[in-house]
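Asker: Take this structure, written in structure tokens, and hold onto it; I'll ask about it next.
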Amino acid sequence: MAVKPVPLTGSVLAWARADAGLSLGALAEALGASTAAVAEWEAEKTYPSTGQFRQLAKILGRPESFFFLARPPKTSPAAAAFRTNYGQGEWLSPDPKISQQLRLAQRVQAVVSWISEKLPEASPVIPQADTRQSAEKVAKSLSEWLSWTLQIQTQNTDARTSQILRQRLQDCGLTVLHLSFDAETSVRGFSLPHPIAPVMAINTKEHYRARLFSYIHELAHLAIHDDSLCLVRNDEGVERWCNEVAASFLIPEADFRRYVGEKFGAEKISSLGQVSALRGRYKVSLLAVALRLEKLGLASPGLYSSVSRSLEKRGNGGRPDPDRPQNRARVRLQTYGQHYVGSLLEAAESRILPETQVLDILNVSRSELADLRVLSQSGVEG
């Protein structure tokens, strides 16, 4: 029996592949086909079999009907490359699952932008920065903008400190998404600059301490209007600078010098144990403390690299609270945050969007939307 080819639109296939961040070879390998075969499909010289077609639709995260469009979408494919763990300099090859999270964030940004243009609210004004500026100066500007103090960090639990910082960012007009990336990836987050709808996304598989650092690292990217998502968190260039801004924000120099002196006197910090003894006060990771020690000349040479090789295991940052059942409404609020959910609720109340469309956007029922209203007004995201 002859294999029946599926006459998809080659340019649409090429667009979907690029949007998923896959090369011809990577898609071919995932399909168990040759690179030449995939190239011929995109050129419409030949077509995939029914089995291959269904498999590629699944791999690229698109409905099968998408591949029969006459032409690709007008939007540019997402350059789905993400910043990874601090201190790691490898390039990350984004898989389709990660690219789906990026597309979700882009859809959220489009909705927030549209609503913001309809509602008479002031756009978020993130303090502008430049990588030529001192990381200390930029960190001070951002902490003042967020009304952030060291007292907040030292007097609250890891979880509560993280929740407060997320809320401060949202109060200033940012959409802060909490997305769950696969445990085997090293993705910590990404940011999408926009004049009226900036978005950042944070990996909930990370411990609360790592999230704190990620919030400010991504805020630093937004402050310089960095629209390139293809950088990894390594020790060079923009990424190194954003790391230094986050470390300066969370570990203020004057207090840190005093605290290090009280703990270890004038000796240079050289061991993982010493770094571990310092990090608890500031609710940050070992790497953040090591980075700060080196920057301020308080560490022996190579401390940061040494700590990088002994990275702490990532913990489960989002343990469910037994007193707060994880129903759909709460999960939506935890994922999208109060800023996005609140914008949609306000749009519905102002009749800018019909309630049915809000239900569709959030994928909730009317009763769940009512629960969302109550949760959003309570100020608790979980």
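The values are calculated or read from the model by the stated rules, or taken from the named source; none is laboratory data. Just so it is clear, the model here is predicted, and its values are computed rather than measured. For neighbour counting, all protein chains shown are included, and Cβ atoms are generated from backbone atoms with ideal geometry for every residue, glycine included.
Asker: Name every residue in the range 120-147 that is over 21 Å from Ser191 (Cα atoms) and in a loop (DSSP other than H, G, I, E, B), in order of residue number.
Answerer: Pro120, Glu121, Ser134, Ser147
Asker: Considering only the range 1-65, give the helices (runs of 4 or more DSSP H) lying wholly within it that have at least 3 residues that are under 22 Å from Gln101 (Cβ atoms).
Answerer: The qualifying helices (runs of 4 or more DSSP H) are 10-19, 24-31, 50-60.
Asker: Looking only at the range 277-304, count every residue that is within 13 Å of Arg209 (Cα to Cα) and surrounded by fewer than 18 Cβ atoms within 10 Å (Cβ to Cβ) and tell me the total.
Answerer: Going through the range 277-304 one residue at a time, the tally reaches 2.
Asker: Determine whether Asp182 is modelled with pLDDT of 90 or more and among the acidic types (Asp, Glu).
Answerer: no
Asker: If you check every pair at least six apart or on different chains, which have Cβ atoms under 7 Å apart with a residue in the range 343-364 that is more than 19 Å from Arg103 (Cβ to Cβ) first and a residue that is basic (Lys, Arg) second?
Answerer: These pairs meet every condition: Leu345/Arg373; Ile352/Lys118; Leu359/Arg366; Val364/Arg328; Val364/Arg332.
Asker: Among the numbered criteria (1) surrounded by fewer than 20 Cβ atoms within 10 Å (Cβ to Cβ); (2) of a type in the set (D, E, K, R); (3) within 27 Å of Tyr282 (Cα to Cα), which single criterion is violated by Arg188?
Answerer: Going through (1) surrounded by fewer than 20 Cβ atoms within 10 Å (Cβ to Cβ); (2) of a type in the set (D, E, K, R); (3) within 27 Å of Tyr282 (Cα to Cα) one by one, Arg188 breaks only (1).
Residues are listed down the side, and each one gets a yes or a no for (1) modelled with pLDDT of 90 or more; (2) more than 26 Å from Lys283 (Cα to Cα); (3) exposed (fewer than 14 other Cβ atoms within 10 Å of the Cβ):
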residue: Tyr47; (1), (2), (3): yes, yes, no
residue: Leu60; (1), (2), (3): no, yes, no
residue: Ala70; (1), (2), (3): no, yes, yes
residue: Ser93; (1), (2), (3): no, yes, yes
residue: Ser99; (1), (2), (3): no, yes, no
residue: Trp148; (1), (2), (3): yes, no, no
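Asker: Could you list all residues from the range 249-302 that are under 23 Å from the mean Cα position of the chain (by Cα), at negative phi, modelled with pLDDT under 95 and outside any helix (DSSP H, G or I)?
Answerer: Those that are under 23 Å from the mean Cα position of the chain (by Cα), at negative phi, modelled with pLDDT under 95 and outside any helix (DSSP H, G or I): Val284, Ser285.
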